[in-house]
């Protein structure tokens with residue numbers, strides 16, 4: 001029939017296109033693997049598609065890659081960066097960097113979903129920045145940037161009913177990201193109330209997960225930022241032998257070369273790009289009122305700790321120093337920073353997280369920082385002095401005993417390290 | 001002068017071209033008439049021929065050539 | 001309660017196309033299912049303005065009752081009388097809600113009920129147009145059912161294109177024959193996929209992938225060039241933003257036109273290769289066409305007609321300059337009451353006035369000015385850059401950069 005043929009000419013291509021898209025999305029692609037070379041580049045690329053997906057993480061954590069969770073300092077890839085040291089000296093581990101400017105505990109919690117079996121009993125390095133612990137805590141815009149529906153769905157399908165789970169669901173619902181999909185939002189609301197998901201909820205989420213995993217398998221290997229060349233450039237500068245004295249000497253020499261234009265010990269390039277001229281005057285005393293002691297971030301951190309406990313991870317926590325001369329200029333309070341570190345350490349230690357490297361008191365030392373708040377040169381070496389033994393030597397399996405008090409507003413706002421039962425802390 | 005001659009005289013005035021033999025020229029596509037000149041055209045038609053053309057009546061496709069304008073004015077008279 | 005924003009995700013298109021199917025089958029067999037269409041419109045309005053957008057839904061209902069009452073009242077009045085003062089008051093009352101909405105952001109401390117909703121300005125364009133045509137007598141009578149269908153026509157309610165009442169009703173009352181309808185559907189499918197390409201691929205590349213990066217880079221240079229913030233990144237931002245604005249909006253408009261065609265309504269197109277315009281005047285005949293034509297027909301032409309009829313301004317050149325200024329200033333204010341929208345309007349008024357000077361000069365000296373494909377290319381290039389610069393003003397980025 002004439003009109004029938006015309007209809008087919010109009011809709012035929014559409015039907016074929018729709019069917020082929022569905023076929024691609026529903027193919028069993030979840031056993032895809034990436035090459036060793038891609039994995040190596042992925043481990044330092046800091047690309048969001050890796051952070052969003054799970055193809056790379058899953059394979060990396062099953063091998064000798066160790067998750068290095070952090071934020072913007074991970075990008076400071078000078079020759080003393082952990083990825084360079086591990087590659088140059090063929091250490092038994094290689095860092096897998098997760099996180100960039102703006103990613104905090106809540107994002108890290110969700111990015112670790114979907115790789116639980118690979119994380120089991122693994123060691124993890126976690127660099128906690130005091131700068132995360134602001135009055136508002138995690139900024140919604142930054143959260144959306146690192147959030148992916150796959151993370152949320154993986155979590156929804158495996159979450160067990162608990163205080164931590166309720167807390168996570170509520171946090172996600174408070175972000176615009178949690179409302180970006182109808183079905184996810186709906187399931188989050190149920191989870192937050194402690195209800196279990198229905199059979200059809202699970203079916204829908206499962207389908208969605210399958211599609212997202214296929215997208216991840218098909219597309220996440222593209223658009224990787226290639227930073228491995230910077231790692232190799234760093235390797236060429238490093239001395240042949242992995243010795244603390246020669247590394248220290250080199251770090252001081254490099255730091256001296258790169259901080260010639262200003263009195264703050266800030267990298268020349270950073271200084272001229274971001275601070276030089278009239279800008280710097282505007283920043284004098286600009287951080288006088290900064291206070292990191294009261295923040296919702298403390299409870300987000302607790303959520304991440306519950307994740308570490310769940311997968312039996314053995315975690316080394318690093319609290320980086322800040323640039324002391326810069327802090328003096330901007331009026332940032334050192335006592336406040338010390339109290340922040342104390343509060344974080346109390347939360348960790350009182351629950352059995354004992355591997356802590358607190359560098360706050362190393363702030364006075366020269367060449368620790370590449371710029372205002374980011375680790376560099378000697379700072380990275382100092383981190384390495386804790387990381388290397390932690391990762392290369394056998395460690396006792398820790399026992400964690402979590403306290404849900406750390407999820408409360410009381411703790412977020414507490415200035416006294418006082419527990420709910422009135423017992424005083426350290 | 002009859003209406004047709006009047007319309008050509010208005011159009012020649014507005015466009016600065018002699019359109020008398022070019023009754024099917026598209027005045028908008030060629031850029032001879034713009035919105036401004038169109039308003040003048042409507043006003044001149046009102047004063048010279050005595051046909052009131054509301055702006056709403058002005059549908060470009062019905063007014064795009066001299067011949068169409070002549071027909072349209074005739075129908076509104 | 002669920003809430004879906006128009007054309008925002010694949011689910012929306014699936015629901016929409018499924019709901020369209022009965023309408024399409026009806027039209028294929030030569031019938032328009034008016035009751036079903038009314039239900040269809042109602043359900044999608046609930047989806048858009050329900051859920052946590054319910055306050056917008058309430059505002060829409062009140063607004064619609066108000067406008068329908070106003071227009072029907074004027075129609076009744078116009079059957080027997082035609083006083084200018086009544087006409088002017090009706091137009092003013094009709095734009096009053098929009099004016100309130102536009103001024104509300106100036107009073108951030110006022111927390112009373114917000115009467116705004118997505119698409120209020122597009123509805124206002126429609127009502128003002130109908131009132132003006134009632135005054136001119138080109139629309140003689142309207143039925144409230146048809147008027148509602150026109151106002152609340154679902155595919156275009158949130159952001160246009162702006163249709164005209166008489167044109168819309170002609171399509172609405174008419175059922176195309178099968179051959180014509182199939183040609184429309186063919187076109188609709190094409191527009192739909194062109195829309196996907198524009199909004200979800202090109203718009204995504206420019207808006208989601210590139211824009212945040214150039215924006216950040218440009219902001220990091222805010223002290224460049226003696227504190228003006230003028231840097232290469234700012235230039236990059238200008239182009240990236242312009243491309244994003246075009247592909248996002250043109251993509252959206254294509255969806256609206258496509259869905260209309262599926263329903264046998266030929267909603268006018270909004271864009272016609274705007275970046276290939278040879279000058280600013282031509283640009284406005286190619287960019288957001290239904291808006292610029294609305295302004296041309298209901299602001300520019302009426303304003304000129306009125307001033308010239310009263311012989312207030314004699315000189316034709318001065319007259320057109322004044323009309324452009326009024327036209328683009330109103331457009332600037334319509335976009336929002338911020339300095340950059342108003343400067344954007346003034347900039348375009350200035351550009352089109354200068355453009356007119358040049359066109360007149362060119363006409364006079366036609367024999368001395370070369371015309372070939374190189375000069376045409378140059379004209380297109382210059383126009384493109386002037387337009388992109390105006391979009392940089394429009395984006396509000398300078399506000400962020402400087403203040």
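What follows is calculated from the coordinates using simple rules that are stated; it is not laboratory data. No experiment lies behind these values; they were computed from the predicted model shown. Positions of Cβ are generated from backbone atoms using ideal geometry, with glycine treated the same way; all protein chains shown enter the neighbour counts.
If you average the sequence gap of Cα pairs under 8 Å that are 6 or more apart and divide by the length of chain A, what percent do you get for the contact order? Numbers along the way, then the final one.
Details: 637 pairs, mean separation 90.4, N = 426.
Result for chain A is 21 percent.
Compute the distance in nm between two label points, each set 7 Å from the Cα along the Cα-to-Cβ direction, one at residue A:245 and one at residue A:179.
Going by the 7 Å Cα→Cβ label model, 6.3 nm.
P(r) tail for chain A, what percent of Cα pairs lie past 32 Å?
Working: 37220 of 90525 pairs.
It works out to 41 percent of all Cα pairs.
Taking only C-alpha pairs under 8 Å that are 6+ residues apart, what is the relative contact order of chain C in percent?
Details: 437 pairs, mean separation 60.3, N = 403.
Relative CO of chain C lands at 15 percent.
Let's test the formula: R0 of 25 Å, r as the Cβ-Cβ distance of residue C:99 and residue C:39. What FRET efficiency results, to the nearest 0.05? Display every interim value, and only then the final one.
Details: r = 33 Å, r/R0 = 1.34.
According to the calculation, E is roughly 0.15.
Taking one equal scatterer on every alpha-carbon of segment B:3-76, how large is log10 of I(q)/I(0) by Debye at q = 0.20, 0.22, 0.25 1/Å?
Result of the Debye calculation: -0.77, -0.97, -1.34.
Residues in segment C:260-276 near a label at residue A:6, defined as backbone nitrogen under 18 Å from the 7 Å Cα→Cβ point?
The answer is C:261-266.
Take residue A:288 and residue B:34, extend 7 Å from each Cα along the Cα→Cβ direction, and tell me the distance between the two endpoints in nm.
Each label point lies 7 Å from its Cα, and together they span 5.8 nm.
Can you give me the C-alpha center-to-center distance between segment A:351-419 and segment C:219-254, rounded to a whole angstrom?
41
Averaging over every viewing direction, what projected area does the convex hull of the Cα atoms of segment C:272-403 cover, in nm²? Write down the numbers at each step before the final one.
Working: hull surface 37.8 nm².
Result: a mean projected hull area of 9.5 nm².
Just to confirm my numbers, what's the Cα centroid distance between segment A:75-134 and segment B:1-60 in Å?
First find each Cα centre; the distance between them is then 75 Å.
Where does each of B:21, C:171 land when they are ranked from fewest to most other beta-carbon atoms within 10 angstrom? Don't skip to the end; give the middle numbers.
Values: B:21 8, C:171 18.
Arranged by neighbour count, lowest to highest, B:21, C:171 become B:21, C:171.
Can you tell me how segment C:238-279 classifies by the Cα gyration tensor, rounded, prolate or oblate, using a/c under 1.5 as the rounded cut?
On the way: a/c = 5.40, a/b = 1.90, b/c = 2.84.
It is oblate, given that a/c is not under 1.5 and a/b is not larger than b/c.
Return the single residue from A:345, A:57, A:190 with maximal mean-square fluctuation; model: Gaussian network over chain A, springs between Cα atoms under 10 Å.
A:190
Rounded to the nearest Å, what's the spacing between the alpha carbon centres of segment A:148-209 and segment C:354-403? Just the number, please.
Using only Cα atoms to place each centre, the spacing works out to 53 Å.
How would you classify segment A:306-403 from its alpha-carbon gyration tensor, with a ≥ b ≥ c the square roots of the eigenvalues: rounded for a/c under 1.5, else prolate if a/b is greater than b/c, otherwise oblate?
Verdict is oblate for segment A:306-403.
Against the longest principal axis of chain A, how steep is helix A:228-237, in degrees 0 to 90 to the nearest 10, with axes from Cα atoms?
20
Evaluate Rg over Rh across the protein assembly as shown, taking Cα atoms for both radii and Kirkwood's formula for Rh. Don't jump to the answer; show the numbers that get you there.
Details: Rg = 33.6 Å, Rh = 32.4 Å.
Radius of gyration over Kirkwood radius for the protein assembly as shown works out to 1.04.
If neighbour count is taken as other Cβ atoms inside 10 Å, put C:14, B:36, A:368 in order from fewest to most.
Working: C:14 11, B:36 21, A:368 26.
Ranking C:14, B:36, A:368 by Cβ neighbours within 10 Å, fewest first, gives C:14, B:36, A:368.
Given Cα positions, please report Rg to Rh for segment A:259-345, the hydrodynamic radius being the Kirkwood one. Walk me through the numbers on the way to the answer.
Numbers: Rg = 17.1 Å, Rh = 15.5 Å.
Rounded to two decimals, Rg/Rh equals 1.10.
On the first, second and third principal axes, largest extent first, how far apart are the outermost C-alpha atoms of segment C:176-267 in Å?
66, 19, 13
Taking just the alpha-carbon atoms of segment A:50-208, what radius of gyration and Dmax come out, in angstrom?
Cα radius of gyration and Dmax of segment A:50-208 are 16.8, 52 Å respectively.
Compare C:18, C:351, C:217 in a GNM of chain C, Cα atoms joined below 10 Å, and give the one with the largest fluctuation.
With Cα springs under 10 Å in chain C, the top fluctuation among C:18, C:351, C:217 is at C:18.
Which value in deg cm²/dmol, rounded to the nearest 500, describes the helix-derived mean residue ellipticity at 222 nm for chain A, given -39,500 (n - 2.57) per DSSP H run of n ≥ 4 and division by the residue count? Don't skip to the end; give the middle numbers.
Values: 20 runs with 217 residues, N = 426.
-15500 deg cm²/dmol, from helical runs alone.
With an 8 Å cut-off on Cα pairs and a minimum separation of 6 or more residues, tell me the relative contact order of segment C:176-267 in percent.
Working: 97 pairs, mean separation 41.0, N = 92.
With pairs under 8 Å counted, the relative contact order is 45 percent.
Given axes a ≥ b ≥ c from the Cα gyration tensor, I'd like to know whether segment C:10-174 is rounded (a/c under 1.5), prolate (a/b larger than b/c) or oblate. Display every interim value, and only then the final one.
Numbers: a/c = 2.53, a/b = 1.14, b/c = 2.22.
Oblate.
Mind checking which of A:103, A:92, A:306 has the largest fluctuation in a GNM of chain A, springs on alpha carbons under 10 Å?
Fluctuation is largest for A:92.
Given a Förster radius of 41 Å and the C-beta distance between residue C:272 and residue A:136 as r, what FRET efficiency does 1/(1 + (r/R0)^6) yield to the nearest 0.05? Mind showing how you got there, number by number?
Working: r = 46 Å, r/R0 = 1.13.
It comes to 0.35.
Nearest 0.05, what FRET efficiency do residue A:404 and residue A:64 give at R0 = 60 Å with Cβ-Cβ as r?
On the way: r = 35 Å, r/R0 = 0.58.
E(calc), rounded to 0.05, equals 0.95.
May I ask you to order C:141-149, A:260-268 by the average number of other C-beta atoms within 10 Å around their residues, highest value first?
A:260-268, C:141-149
Taking every Cα atom in chain C, find the radius of gyration and the maximum pairwise distance Dmax, and write them in Å.
22.7, 69
Which of A:9, C:96 comes first, and how do the rest follow, when ranked by fewest Cβ neighbours within 10 Å?
On the way: A:9 11, C:96 14.
By the 10 Å Cβ count, ascending: A:9, C:96.
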